[in-house]
Every structure is written in structure tokens, then in C-alpha cells.
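Just so it is clear, none of the values below were taken in a lab; they were calculated from the coordinates. Not measured: the values here are computed from a predicted model. For neighbour counting, all protein chains shown are included, and Cβ atoms are generated from backbone atoms with ideal geometry for every residue, glycine included.
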Amino acid sequence: MEQTSARLLIVDDDPVALDLLREVLSKEGYEVVSAMSAEEAISRGIENFFDVIITDVRMGEKDGMDVLRSFKKTSPETAIIMITAFGSIDTAIEAIREGAFDYISKPFKLEEIKITVRRALEQRRLLRENQYYRQELLEKYHSNNVIGRTPQMLQVYKTIARVADTKSTLLLYGERGTGKELIARNIHYNSRRSDRPFVTVDCASLVETLMESELFGHVRGAFTGALQAKRGLFEEADGGALFLDEVGNLSLSTQAKLLRFLQEYEIKRVGGTENIKVDVRVIAATNQFLEPLVKSGNFREDLFDRLNVVSITLPPLRERKEDIPLFVIHFLQKSSEENRKPISHISPEALDILTQYSWPGNVRELRHTIERAVVLSTQPIILPEDLPKKMLEEVKGKEIQFPEELLPLREVERSYVLKVLRETKGNKKKASEILGIDRTTLYRILEKG
Ligand SMILES: Nc1ncnc2c1ncn2[C@@H]1O[C@H](COP(=O)(O)OP(=O)(O)OP(=O)(O)O)[C@@H](O)[C@H]1O
Ligand SMILES: [Mg+2]
């Protein structure tokens, strides 16, 4: 309850009633402003924002209904409580129809006023939270948050744009960490279903019987331990989307049930006989190709055809290296904000390593790498030493890359010595050992630059 910060306006042409209300509500911790006429109330509303207005209906020339109409137009977030004369139920109903939060009829108990104000504030808070939540989701999954400008990713965006607003079933392919779930959410939140749930289920997480009950629900007594009927995820997702992650892991029996849904848009709870209609968009994802599973008889061909109406393949990161710097900047910004560490740059050497690395864990691995580097870094810039050892080793193990431009030996020599020094964290003894030179020679080379 945020009582202390709430601002109230009370409107009544009776000074006695006004004083009483002001006293009681101030004691509750609210900031209370009063007005003795509709006109005064409206002009106060121009100067100030009020969370709640309590207004008498019957006043001078303009009445409480004018206050209500005026604030509904200029300040729709304000909750308005009407005080009506005893027995004037028609006025009360009209006020509610015009958008009043509630009405209280005279004579009222002070307790009633207090409770109604509390309820109004609570409802405002929930409304605000919902709006905030939705906004946050939109920001999180709007295309601005899907990074990538390579032709492969542009192809992905094109498909998204084409299918987002349809009900079409989708199949997303991609190695682990390539962004299948991110894209699935993006599609959902860019569709007309965006205000309905996006429900995810990992098809590899449960054994067959539990998976079927998870997806389709069960009736009471369907199996030992099913003491109560339960709705499944299909019903939870009604009107929205169901994300079936690792769909290749579904058992043949569950596949048959999924196929039936895709044909009839109907499900049966486990142990039940009733057909339940549900309106759900299925988005399936897999990191293994399904064709071999179809060939070996582990995945139904008819289901595969149904799922595969539209498919999107997310390329592995190593096939879109040009996007790596974009990702790095994006994740660097996010992590430095989250960790309150102003690290906004990466050294060319570190970026070079990130670009050469093979990224078996794809974008997720890159994200974790940057997050870790931000946490570890003691300087305002990410250096090679902030990257995982195995990454440095893998890249180092690759063939020596010579600069394209042809340079005098001493320059290459110097920059190579510098590289070794960086990787040994400035340890000159170790560096000279690796280079097979003594320390005096090392100093001499460095001084030559
Ligand atoms: N194009 C992208 N832009 C921004 N962030 C991305 C992008 N692709 C992936 N990510 C990020 O990488 C991480 C992994 O993405 P996601 O969970 O969607 O991958 P996945 O393919 O579902 O992986 P898995 O198969 O392991 O479940 C997430 O933090 C996600 O935000
Ligand atoms: Mg995933």
C-alpha cells in the first residue's frame, strides 16, 4: 500500500462534511486537497494530479457528474468515488456507467470511505503494474532487441514479418543458444495474440505419461495420484501460443495426440472422454534435424508435415561472424548497466579473439562470456585476459594469422612480442621463455617501436 504518496481531492459544498472527510483521510496518511464546488475541483485538477477524487453529487450549479466527466477526459487514471443522496440509485448507476470507480450513499460510515479509497488505490496500482509489465515485455521482445544484420538474419526477419500475424504453426531449427525461444517470443509478441499467454514446455523434461498430463491435463483418477482434475498447458495457452521446445523428444503416443490437436483443434484430458476445443498457436523448436528421426520411425511423418508448414532456421553464430561485434556491444551495454560498471569498450585484440572463436554454445555462450568479462574486469575496457582461458587457447591453437598488409619485420616482431606479453598478462619472464629470447632482447624489441 502506498498510502503516504497518494493524493486525494475531496469535493463538497458542505464545509462541515468537507472538514470531517479531510480530517479522517489525512489521518490515514494521504495528502488531501479540498474544493467547495465543481468549478474549483476542475481547476485544482488542472494544477495537480490526483489519485482519487471523492465528490458529492449534488452541489451548486455544476454538480458531481460534471466533475466526473471533466476528469474522465483530462485525467483518466484518477479514480472517482461519488457520494450520492440516500435512495438516488439511478444517479449512482449513471455515474458508474460514466466511469466512476464506485459510489457511497449518504449517510455513510467513515470506515466505508476509508475502505473504498484503499480499494481504489489498490486497483490503480495493479493497473499501473500491468501496463508496466506489458511495456516491459514489448521492450524485451520487440525486434529492436533481436540483434543481427547479416543476410541470414535478414532472411529470418522476413519470415517473421510474414508469419507473425497469422495463426500458422511454426518449426524453428537451430543449434543450442541460437535464439529459438527468443524468436518464438518475438513472433508471439508481434502477433494479434500478444495479450494472451505464451506458454513454454520442454518436451525433453518429462516421461511420457507425465508429459501427456502436463500438455493435455487429466481427469480425476486418471492415474494413481491424480486426486484432482487438472488443466493442461494447452488449456493454459488458450488464445495464445504454446512453445514446444525440443519437440523431437516427444514420445510417439504424445505425437499422435499433438497431431490430433493440429487437425481438429481439440484435445482430451488424460483419462477423459470429453473433447475440449482450444485455440492455440503451436510453435515448435528443435536443435536436431527431424528428418532422420522420421526415417528411423521415431517421429511421425504426418506430424512433421503439419509442423513444418513454415520453418525458420537460425544459423549458428560461427556462420554469422559479422554480427559478433554488434552482439558484443549489445551485451556489453546490458551487463555494464546491470552491474553498474561503466565498461563500454572492448580492446581490438579481445574482439579479435571473440570473432575467431567457434562458439559451440552460440549466442548464449557469447552473452555469458561478456557478462563474465564485465564482472571480472578491473578496467573500463574488456581485455583478452578477461575472456575464458579455453577461448584463448582455441584461438591461439589456430594457424598464425599474418597481417594482410606487408610490413617490415621489426614491426611484426614488435606487435607479436606485445601480443605474447598481453597473453601472459605482462609476465616478461614467461613471455621471453615463450618467444625463446632473453629479457634484454625483449626490452630492445619493445623499445624499437
Ligand atoms: N538475435 C539475438 N539477439 C539478441 N539476443 C539473442 C539473439 N539470439 C539469441 N539471443 C540471446 O541468447 C540467449 C539464448 O537464446 P535462446 O534461449 O532463445 O536460444 P535457444 O535456441 O532457445 O537455445 P536452447 O536450444 O539452448 O534452448 C538468450 O539470452 C537470448 O536472449
Ligand atoms: Mg531454448
Test result for residue 269, more than 16 Å from ligand 2 (Cβ to nearest atom) and buried (at least 19 other Cβ atoms within 10 Å of the Cβ): yes
Selected residue [in a helix (DSSP H, G or I) and free of Cβ contacts under 8 Å to residues at least 12 places away in the same chain] from 394, 413, 337: 337
Condition check for residue 242: part of a helix (DSSP H, G or I) and within 26 Å of residue 193 (Cα to Cα): no
Filter result (charged (D, E, K, R), away from ligand 1 (no atom under 11 Å from the Cβ) and touching a residue at least 60 places away in the same chain (Cβ under 8 Å)) within region 308-332: 319, 322
Among the residues listed as 178, 200, the single one being in a loop (DSSP other than H, G, I, E, B) and closer than 20 Å to residue 364 by Cα: 178
Options 212, 181: the member that is in contact with a strand residue (DSSP E or B) (Cβ under 8 Å, 6 or more places away or on another chain) and more than 16 Å from ligand 1 (Cβ to nearest atom): 212
From the options 57, 67, 33, residue that is of a type outside the set (Ser, Thr, Tyr), buried (at least 21 other Cβ atoms within 10 Å of the Cβ), farther than 16 Å from residue 124 by Cβ and under 40 Å from the mean Cα position of the chain (by Cα): 67
Matching option when the condition is in contact with a Gly (Cβ under 8 Å, 6 or more places away or on another chain) and surrounded by 17 or more Cβ atoms within 10 Å (Cβ to Cβ), among 229, 222, 241, 237: 222
All positions within region 289-331 that are part of a helix (DSSP H, G or I), under 28 Å from residue 167 (Cβ atoms) and within 16 Å of ligand 2 (Cβ to nearest atom): none
Filtered residue count, region 379-393, keeping only those that are of a type in the set (D, E, K, R) and surrounded by fewer than 16 Cβ atoms within 10 Å (Cβ to Cβ): 3
